[in-house]
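Working notes, structure below.
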Amino acid sequence: MENWFSPELVALIREAEQPYAYIALLLIAVAFPVAWGVPRLLRGPEPRHGSIVFGRNIFDGVLFPALWLALVWMAHAFCLHRHLPLAVFKVVVPILLSLLVIRLTVRVMRVAFPKSGVVRAVEKTVSWLAWGGVVLWITGVLPSFIDALDDVHWKMGSGTMSLATILEGAIVAGVALMVTLWISSAIETSLLKGAVGQQLSWRKAEANLVRAVLVFVGLLLALSAVGIDLTALSVMGGAIGVGLGLGLQKLAANYVSGFVILAERALRIGDTVKVDGFEGRITDITTRYTVMRALNGRESIVPNEMMITQRVESATLADPRLALSTVVQVGYDTDIDALVPKILEVVPKIARVIDDPKPAVQLSAFASDGLELTVSFWINDPENGTGSVKSDVNMALLRLFNANSIEIPFPQRVVRVMPVQGLPSDEGVVPGAQSSPTAVTSSAPAASPEELRDAPPSAGQGPGFLEPGGAAGA
């Protein structure tokens, strides 16, 4: 067995074979229901969606592995005091620690970035690294692996950097980032709770600013904990400033525009606006873009710079009321004075049509087929769309016209069948025309032979074409 396993793993297996080693397993098993029951009592019977501490099912929260790890550590101290075998704890503690790291990363990332597709890749990467660390720890290879990484080093400025230092810095930076994102998510939830209208936009700006500051401070603390001199970052800060000034102008403009929008509160979450031909309701305002959702379910991600530099039509900024109109034609023989009061009586009965301002009817045009009436009305819920209310008004007008026998005119044409004389010498007939009845479509009466005789010659005809002395009579 010594030839196949490392000395640390062999010592671990032999220690697990000693008497009373089952006591450690018993203590770990007893700690499991306690670690699950306490969060269950604290959370209550109903799940808390978006909770980092409890998760959805207790098992996927942070409190469960943290509490189980604490109880196992207490059992480890008890066995150490009683001089009992500790081999099981050398396996269980790294596993619970890895589980805690994975649960913390997963829950914090899902709460901080609920719509990001990178979260799943980060979860898998952290899981593989954590379980790989557990395997290296149990097999006893981890110390040798760290020593091998530490042997690969190079000089950087006045200090020395190695792969082990980079790994340590990445772990510390990851933990600091998770903690700061957790704190910022808790602050954002507290700020946005119960906020509506203008308060929602202002608190959203505060939450974004708090998150940016906490992440920046967490990264600085992580770098200082690794041993990197922060004064060396001054050059990097200057380079970042030049990059923002040259290559990242649009990105910087979008971030600045986002804070301006949230600070001025000219656009708020819940407003119905139209930008660049897209009309919808604002569902979220971030520091870089604004999310708009149309009534058909489509979403548009609009850069904040566009919301500042282009014209934005808002339907809910000053007054949520919106004027709509529909056009209908009636015949010229319709009694308009009697019809208009009936229309004004029917339209206000539509569910979404409001009484103030009142509906109105105008005789807008004398069309070719009838009198054109424009029916205007107002609604106060444009976020629910305009197509349905226009349809309801048109249906009500159609029922009103049918009940009062009012005709809606439509274009009409008259078709006349006229006989044509068969002799080419007949006056008014062009030589070569067929001598058969012909269907002629016209909206005016046909010309008589006398009218054709007196008509001036058309282009390409000689004088006297239809006269007895002309070509026709020659």
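The values are calculated or read from the model by the stated rules, or taken from the named source; none is laboratory data. Fair warning: this is a prediction, and the values are worked out from it, not measured in the lab. Heads up, the Cβs are rebuilt from the backbone with ideal geometry, glycines too, and the neighbour counts pull from every protein chain shown. To get the accessible areas, we keep the full protein, side chains included, count just its heavy atoms, and leave off ligands, DNA and RNA. Shrake-Rupley method; radii C 1.70, N 1.55, O 1.52, S 1.80 Å.
Key figures
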{"quantity": "Test: residue in region 115-124 that is of a type in the set (A, V, I, L, M, F, W, C), under 35 Å from the mean Cα position of the chain (by Cα) and modelled with pLDDT under 75", "calculated": "yes"}
{"quantity": "Residues within region 318-338 that are touching a Leu at 6+ places or on another chain (Cβ under 8 Å) and either among the aliphatic types (A, V, I, L, M) or under 17 Å from LEU400 (Cα atoms) (or both), tallied", "calculated": "8"}
{"quantity": "Residue in region 394-421 that is farthest from VAL340 (Cα to Cα), counting only those that are assigned to a loop (DSSP other than H, G, I, E, B) and polar (S, T, N, Q)", "calculated": "GLN421"}
{"quantity": "Per-region count, region 346-366, residues without any contact (Cβ under 8 Å) to a residue 40 or more places away in the chain and either of a type outside the set (Ser, Thr, Tyr) or closer than 28 Å to PHE278 by Cα (or both)", "calculated": "13"}
{"quantity": "Where a residue in region 267-293 is farther than 18 Å from ASP319 by Cβ and its partner, wherever it lies, is open to solvent by 70 Å² or more (accessible area, probe 1.4 Å) and outside any strand (DSSP E or B), with Cβ under 7 Å and at least six apart", "calculated": "VAL275/GLN310; ASP276/GLN310; THR287/TYR255; THR287/PHE259; ARG288/TYR255"}
{"quantity": "Test result for LEU63, modelled with pLDDT of 80 or more and more than 25 Å from TRP131 (Cβ to Cβ)", "calculated": "no"}
{"quantity": "Condition check for LYS358: outside any loop (DSSP other than H, G, I, E, B) and either open to solvent by 80 Å² or more (accessible area, probe 1.4 Å) or of a type in the set (Lys, Arg) (or both)", "calculated": "no"}
{"quantity": "Counted residues, region 28-71 - those being open to solvent by 40 Å² or more (accessible area, probe 1.4 Å), charged (D, E, K, R) and assigned to a helix (DSSP H, G or I)", "calculated": "1"}
{"quantity": "Hits in region 344-355 (condition: under 19 Å from GLU383 (Cβ atoms) and exposed (fewer than 12 other Cβ atoms within 10 Å of the Cβ))", "calculated": "ALA351"}
{"quantity": "Enumerated strands (runs of 3 or more DSSP E) restricted to region 251-343, each holding at least 2 residues that are of a type outside the set (Lys, Arg), surrounded by fewer than 19 Cβ atoms within 10 Å (Cβ to Cβ) and at pLDDT 85 or above", "calculated": "278-285, 299-303, 322-330"}
{"quantity": "LEU86 over 16 Å from TRP182 (Cβ atoms) and open to solvent by 50 Å² or more (accessible area, probe 1.4 Å)", "calculated": "no"}
{"quantity": "Residue in region 374-393 that is touching a helix residue (DSSP H, G or I) at 6+ places or on another chain (Cβ under 7 Å), modelled with pLDDT of 85 or more and either open to solvent by 30 Å² or more (accessible area, probe 1.4 Å) or part of a helix (DSSP H, G or I) (or both) present", "calculated": "yes"}
{"quantity": "Residue in region 289-300 that is among the aromatic types (Phe, Trp, Tyr) and more than 20 Å from ASN384 (Cβ to Cβ) present", "calculated": "yes"}
{"quantity": "Answer from PHE78, PHE145 - the residue that is of a type outside the set (Gly, Ala, Ser), open to solvent by 40 Å² or more (accessible area, probe 1.4 Å) and at pLDDT 80 or above", "calculated": "PHE78"}
{"quantity": "Checking ALA164 against (1) at pLDDT below 75; (2) at negative phi, the condition it does not meet", "calculated": "(1)"}
